[in-house]
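Read through the structure below, which is laid out as structure tokens, and then see the notes.
Read-outs: derived from the displayed coordinates by stated rules, not from any lab. It should be emphasised that the depicted structure is a prediction, and the values quoted were computed from it without experimental measurement. Please note: Cβ atoms are built from the backbone with ideal geometry, for glycine as well, and neighbour counts cover all protein chains shown.
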Amino acid sequence: MEDQKNQNQPIPFKKASAWKKVLGKKWAFPAIYIGTAAIILAFVMWYQGSIISTVSNLTDVKEDVAVTTPETPAEQPQGEEAVPVAGTTQPLVWPVGKQVQYELGMSFYDEQASKDDQQKALVKYNNSFFPHTGIDLKSTDGKSFDVVAALAGKVVKVENDPLVGKVIEVEHADKMVTAYQSLENVVVKPGDEVTQGQVIGSAGRNEYEKDSGVHLHFEVRVENKAVNPEQYLIQGEPEVKNQ
């Protein structure tokens, strides 16, 4: 009977006692801390490696790609072809003053375009490449020229950016904004109402595209996303235009 009672009694949980002995050692907690830190560090290094690999694939393009203007970057914006906004009944005029012969420089970066056209629409700056978020216009004689409002609206921003030069942004209906960068002079201020074709400044140079010389970088944004300006500009004009 005594033997039967002993058999029914629970066996002591020796594993917990063993853990207590291990944790009681002076080296136990430092070892656990170092092990945990090593696991976290390995994860961080793996994650950074994945990001670097992704960026390398994006910027692995030919060194002789044509270079031109900036922005956003942010916001990068490309991918889908924008549909002209419903309430915009009047097309945009080319933002170049009268009696100026001009031509199209770097085009808008379009993710649906051919690889060759995409490479021509990448901006090289500080050994990195960025999608071109607008179009560049320059006079055929390489000189400065009047820049005009492509559409009537309200001036919402005027600033001097150290990278892209003097900047003007004009707000229009239907959540559209036109942006004018690389300006030498500005003749409007925030709050001004401008009419289509009104002179708002003059083309100049900027640090971001200093190899492009004197030019206007022109953007169209709809709901804060850059879209191809040529979809909204008056069509059917020759490559070299004389307004």
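Over all other residues within a Cβ to Cβ distance under 9 Å of Asn206, the charged ones net out to 0, with Lys and Arg as +1 and Asp and Glu as -1. In this structure the amide hydrogen of Glu184, modeled in the peptide plane, comes within under 5 Å of the amide hydrogens of Ser202, Ala203, Gly204, none closer than 5 places in sequence on its chain.
Longer than 28 Å from Cα to Cα, which of Lys120/Lys143; Lys138/Lys189; Lys166/Lys225; Lys120/Lys189 are they? Say none if no pair is.
Working: Lys120/Lys143 23 Å; Lys138/Lys189 24 Å; Lys166/Lys225 21 Å; Lys120/Lys189 34 Å.
Beyond 28 Å between Cα atoms: Lys120/Lys189.
Between the alpha-carbon centres of region 152-184 and region 93-119 there is a gap of 18 Å.
Classified by the C-alpha gyration tensor, region 186-233 has an oblate form. Its axis ratio a/c, with a ≥ b ≥ c, is 1.5 or above, and a/b does not exceed b/c.
Using a Förster distance of 35 Å, how high is the FRET efficiency between Lys157 and Gln235, based on the Cβ-Cβ distance and rounded to 0.05? Efficiency at R0 = 35 Å is approximately 0.80.
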